[in-house]
Amino acid sequence: MKIDLTGEIALVTGASRGIGQGIALELGQAGAYIIGTATTDEGANNIKQFLTKHNITGEGQQLNVMEADSITNLIANIAKHNPSILVNNAAITRDTLLMRMSEQEWDEVINANLTSIYRLSKACLRAMMKARHGRIINISSIVGLTGNAGQTNYSATKAGIIAFSKSLAREVGSRNITVNTVAPGFIETDMTNGFSEDQRAVTLQHIPLKRAGLPNDVANAVVFLASNLANYITGETLHINGGMYMS
């Protein structure tokens, strides 16, 4: 069955590359109008060019998810396009062992990865509630379930996203708004491309499918959750990890 998202407006944060770009592409090819965000104006322009290249209707917008005023400005800039689909994808890492981690490294990751989801969800919810229709899809990570040495800050945010999503799903379900989480595992991105061959080999040993995932593997799950096929799914976490973690 072909998924048709014509008439939907999708706000995708962190859409300039990797998983976010893949999500924007797949949602756009399904017919949604895409608003993709990047941290710089150059990145926003690149998103617009990417969408145009793939015959997708949409735009790029500059957004610093760590700044409340930047989120306020974004919502004002896209006032004529109230998002019916919100994909909270933007995230940062500040990896180090806890004993070496500064408060700044902790605070930056919490603010960028978790507080931003609170702010963006709240900013988009009013229009969704008025329309009695909406999809919020939050991108977590396998480490939010398993933990990972050197990532106490990042893992904490990704676990928090799951609990946040379940709680919000209970709050807004009566307004026909679903809130779900997608938790990717080892996905081919700029970050994982920097792994050494030894690091890749060790990681792949723990994946039953014996390969890394691709951004479109994650994007396809997002498109499904954004569609009418997922009308009766909310508060759930969909694991995209090739069997690396099984709940």
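Once the C-beta distance of H54 and H133 is scaled by a Förster radius of 22 Å, the resulting FRET efficiency is 0.25 to the nearest 0.05.
Across the range 31-188, the mean sequence separation of Cα contacts (distance under 8 Å, 6 or more residues apart), normalised by length, yields a relative contact order of 20 percent.
Taking all protein chains as they are arranged and a probe of 1.4 Å, the heavy atoms of V202 leave approximately 80 Å² accessible to solvent. Estimated from the Cβ-Cβ distance and a Förster radius of 30 angstrom, the FRET efficiency linking K2 and E105 is about 0.10.
Mind ranking F50, F195 by accessible surface for me, highest first, 1.4 Å probe?
Details: F50 45, F195 70 Å².
Per-residue accessible area, sorted high to low, gives F195, F50.
Distance between Cα centroids, the range 111-177 to the range 225-247: provide it in whole Å. Between the Cα centre of the range 111-177 and that of the range 225-247, the gap is 14 Å. Between P208, S102, A169, the Cα set farthest toward the positive side of the dipole of the chain (charges on each charged residue's Cβ, about the Cα centre) is that of A169.
Probe radius 1.4 Å, ligands and nucleic acids left out: which of M246, M129 has the largest accessible area, and how do the rest follow?
So, going from the largest accessible area down, we get M246, M129.
Divided by 2.2 N^0.38 Å, where N counts the residues, the Cα radius of gyration of the range 147-203 comes to 1.56. Rounded to whole numbers, the Karplus 3J(HN,Hα) couplings from phi for the range 56-68 are 10, 7, x, 7, x, 9, 7, 8, 9, 5, 7, 10, 4 Hz, using 6.51 cos²θ - 1.76 cosθ + 1.60 with θ = phi - 60°, and x at Gly and Pro. Ligands, DNA and RNA left out, the accessible area of the range 114-247 computed with a 1.4 Å probe is 54% carbon and sulfur.
Among G22, A230, G194, whose Cα sits farthest toward the positive end of the charge dipole of the chain (+1 at Cβ of Lys/Arg, -1 at Cβ of Asp/Glu, about the Cα centre)? Working it through, the farthest residue towards the positive pole turns out to be A230. Around the amide H of G213, modelled in the peptide plane, lie the amide H atoms of F186, I187, E188, all under 5 Å away and 5 or more residues distant in sequence or on another chain.
Where does helix 18-29 land angle-wise versus the long Cα axis of the chain, in degrees 0 to 90, nearest 10? Tilt of helix 18-29: around 30 degrees.
At 1.4 Å probe size, with every protein chain present, just tell me what the per residue accessible area of the range 161-216 comes to in Å².
Spelled out: the 1.4 Å probe surface of the range 161-216, per residue, equals 55 Å².
Estimated at the nearest 10 Å², the accessible area of K210 is 120 Å² with a 1.4 Å probe.
Peptides 185-193, 234-242 ranked from most to least packed by the mean count of surrounding Cβ atoms within 10 Å: 234-242, 185-193. Using a Gaussian network model of the chain in which every pair of alpha carbons under 10 angstrom is joined by a spring, one finds that among S70, S141, S84 the greatest mean-square fluctuation is at S70. Close Lys pairs in the chain (alpha-carbon distance under 23 Å; sequence gap of 8 or more, or different chains): 9. Residue by residue, the range 181-186 carries 3J(HN,Hα) couplings of 10, 10, 10, x, x, 7 Hz when phi is fed to the Karplus relation 6.51 cos²θ - 1.76 cosθ + 1.60 (θ = phi - 60°); x denotes Gly or Pro.
The values are calculated or read from the model by the stated rules, or taken from the named source; none is laboratory data. Please read all numbers here as calculations on a predicted model, not as lab measurements. Using ideal geometry, Cβ is built from the backbone for each residue, glycine included, and neighbour counts are taken over all protein chains shown. Just so you know, the surface numbers come from the protein's heavy atoms only, side chains and all, with ligands and any DNA or RNA stripped out. Shrake-Rupley method; radii C 1.70, N 1.55, O 1.52, S 1.80 Å.
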